[in-house]
């Protein structure tokens, strides 16, 4: 349940498996594209591609809707690495495949990370097809990817969690959404370990805690990236109403169908964010 010494070796080995274009490009931005989000990345902005099966410690995923491919992207003058599909704790292979994308970004010199996912809407205003910028999270899983031996480059033993999601990147997301005509709420995301969906009683409890949406990813990557000093933003596509909030029985195929329906909005949001990132002017000394 931690990054042990064997996994630390895999983290070191995996960097050496990246083809030269990724190392030489010096990307400044990293994307982790969750369920259904990979289809929102236009082919025209993609250069080099490498399958997860070629990256030691990452490997092909087991969840439909996750492409399993690392892509080098050039968009509005911003060079980015895009992990198209993510690995999850519930896939049963430990923290290494979950942590690897963030660690590879760090070693490549990435400063800004945008995490995406499909999530269940808890707040009544978050209907399927809407979008949520994550302001904060609640870790309900009892899991922590920072447990275990300290990892060089992941910051202090006890990282601060008061600003995991960077206010400047959240502002850029909101600006991008406005310019694209995409409604983007802001709120709190609850992380559960999965892979089972939540019970209605659990959803009522999460709502009482202040959660607006719920999902099975994103928080571990955000915690690692924040600890390592990267600026983090995260956005959820609300693919369904959470259990007990008026939805029929939950089904992953319906989640993917909903993300397929709103792919144009996903693309507009990603494109707008990259455009804003290219022209960013910090609004505060620590932004």
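Brief remarks follow.
- Residue in the stretch 146-157 that is under 14 Å from residue 226 (Cβ atoms) and under 18 Å from the mean Cα position of the chain (by Cα) present: yes
- Scanning the stretch 1-57 for residues that are out of contact with any helix residue (DSSP H, G or I) (no Cβ under 8 Å at 6 or more places or on another chain) and buried (at least 22 other Cβ atoms within 10 Å of the Cβ) yields 34, 38, 52.
- For the stretch 145-163, the criterion of being closer than 16 Å to residue 233 by Cα, touching a helix residue (DSSP H, G or I) at 6+ places or on another chain (Cβ under 6 Å) and crowded, with 17+ Cβ neighbours inside 10 Å is met by none of the residues.
- Residue satisfying condition, being surrounded by fewer than 20 Cβ atoms within 10 Å (Cβ to Cβ), over 17 Å from the mean Cα position of the chain (by Cα), assigned to a loop (DSSP other than H, G, I, E, B) and at pLDDT 80 or above, within set 280, 258: 280
- Unmet criterion (only one of (1) touching a residue at least 12 places away in the same chain (Cβ under 8 Å); (2) surrounded by fewer than 19 Cβ atoms within 10 Å (Cβ to Cβ); (3) in a loop (DSSP other than H, G, I, E, B)) for residue 268: (3)
- Cβ separations smaller than 6 Å between residues 6+ apart or across chains give the following pairs from the stretch 232-252 residues that are at positive phi and assigned to a loop (DSSP other than H, G, I, E, B) to residues that are surrounded by fewer than 24 Cβ atoms within 10 Å (Cβ to Cβ) and modelled with pLDDT of 80 or more: 244/200; 244/203.
- Residue match in the stretch 9-29 (condition: closer than 21 Å to residue 217 by Cα and at pLDDT 95 or above): yes
The values are calculated or read from the model by the stated rules, or taken from the named source; none is laboratory data. This structure is a prediction, so every number in the text was calculated from the model and none was measured. A quick note on method: Cβ atoms are made from the backbone with ideal geometry, for glycine too, and the neighbour counts reach across all protein chains shown.
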